[in-house]
Amino acid sequence: MATHGIHGNLIEVTVVSCNKLKDTEWISRQDPYVCVEYGSAKSRTRTCTDGGKNPTFQEKFVYTLIEGLRELIVNVWNSNTIKHDSFIGSGKVQLEKALSQGFDDSLWPLQSKTGRKSRLFDAQISVCRHAGEVRLIIHYTKANKPATSHGPAAQPYGAPQASPYSQPPPHPSVSYPPPASAAPYPQPGGYPPPSSYPSYPPNSSGYPPAPYPPQAAPYGQPYPPNPAYPPQPYGSQYPPPGNPYPGPYPPPY
């Protein structure tokens with residue numbers, strides 16, 4: 001994909017870590033750091049103390065793109081407190097994938113050059129050796145990424161829409177009765193026809209209808225008067241107290 005018109009845009013580069021670096025220390029663990037160059041812009045990570053062969057950085061840098069320049073240069077060094085820093089390795093990082101797709105997370109090889117004297121020509125020659133890897137995450141927000149759609153294509157207006165569901169075929173050994181036709185609705189404005197059931201027969205017994213039972217007496221009717229005792233004659237008293245039986249008590253048999 002063409003990546004024209006990148007001049008002046010910003011690109012983000014995150015130095016994540018290094019793997020299997022060449023060890024430049026004989027006694028202690030080395031303290032690596034990474035330098036990134038893009039054109040005249042240069043950046044340096046912090047020193048990963050005692051990082052050894054697998055240091056971790058997680059540092060982000062932002063660069064202004066230059067038309068026609070599509071690579072970074074990465075150098076890895078070992079920090080020394082007494083003598084000069086020791087060179088570990090360098091590499092070139094291509095930006096084509098990040099500029100076209102907007103994202104790139106890759107490992108880039110590092111190489112170191114060592115001098116050796118040639119026996120044939122009696123001259124000093126340089127030999128490149130593998131010095132480890134560096135991991136970079138690159139973001140470019142203005143990449144012209146193609147629009148991708150995972151949904152079904154839209155049909156033109158007015159075209160019949162096909163149903164995504166289909167009726168399963170009937171089983172050959174099972175037959176279903178045909179559906180019963182729906183009963184027609186009654187005509188509007190008319191009453192339903194009379195019922196075809198016969199009415200109850202009239203009362204065939206010859207007895208006249210029995211009258212209702214007599215009503216009970218209403219409440220509030222007084223009870224019949226209680227029979228009074230026969231009046232006693234005026235001046236009558238109870239018999240005087242005393243032994244009603246003459247003679248000695250108890251009477252002889």
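What to note about this one:
- Residues of region 67-76 include none that is open to solvent by 70 Å² or more (accessible area, probe 1.4 Å) and modelled with pLDDT of 95 or more.
- Any hit, region 2-20, residues being among the polar types (S, T, N, Q), closer than 28 Å to Thr114 by Cα, within 44 Å of the chain's Cα centre (by Cα) and not in a strand (DSSP E or B): no
- Checked against (1) open to solvent by 40 Å² or more (accessible area, probe 1.4 Å); (2) at pLDDT below 95; (3) aliphatic (A, V, I, L, M), Ile6 passes all but condition (1).
- The one condition in (1) in a loop (DSSP other than H, G, I, E, B); (2) among the aromatic types (Phe, Trp, Tyr); (3) open to solvent by less than 80 Å² (accessible area, probe 1.4 Å) that Trp26 fails to fulfil: (3)
- Inter-residue pairs, beta-carbon under 8 Å, first under 16 Å from Glu12 (Cβ atoms) and in region 45-69, second of a type in the set (Ser, Thr, Tyr) and part of a loop (DSSP other than H, G, I, E, B), 6+ apart: Phe57/Thr45; Glu59/Thr45
- Any hit, region 97-104, residues being touching a helix residue (DSSP H, G or I) at 6+ places or on another chain (Cβ under 6 Å) and not β-branched (Val, Ile, Thr): yes
- Enumeration of residues in region 80-95 that are at pLDDT 95 or above and surrounded by fewer than 15 Cβ atoms within 10 Å (Cβ to Cβ): Lys92, Gln94
- Residue count for region 44-62, restricted to those that are in a strand (DSSP E or B), out of contact with any Cys (no Cβ under 7 Å at 6 or more places or on another chain) and of a type in the set (A, V, I, L, M, F, W, C): 2.
The values are calculated or read from the model by the stated rules, or taken from the named source; none is laboratory data. Values in this document were obtained by computation on a predicted structure and should not be read as measured data. All Cβ positions, even for glycine, are placed from backbone atoms using ideal geometry, and neighbour counts span all protein chains on display. Quick note on the areas: whole protein, heavy atoms, side chains included, nothing else; ligands and nucleic acids left out. Shrake-Rupley method; radii C 1.70, N 1.55, O 1.52, S 1.80 Å.
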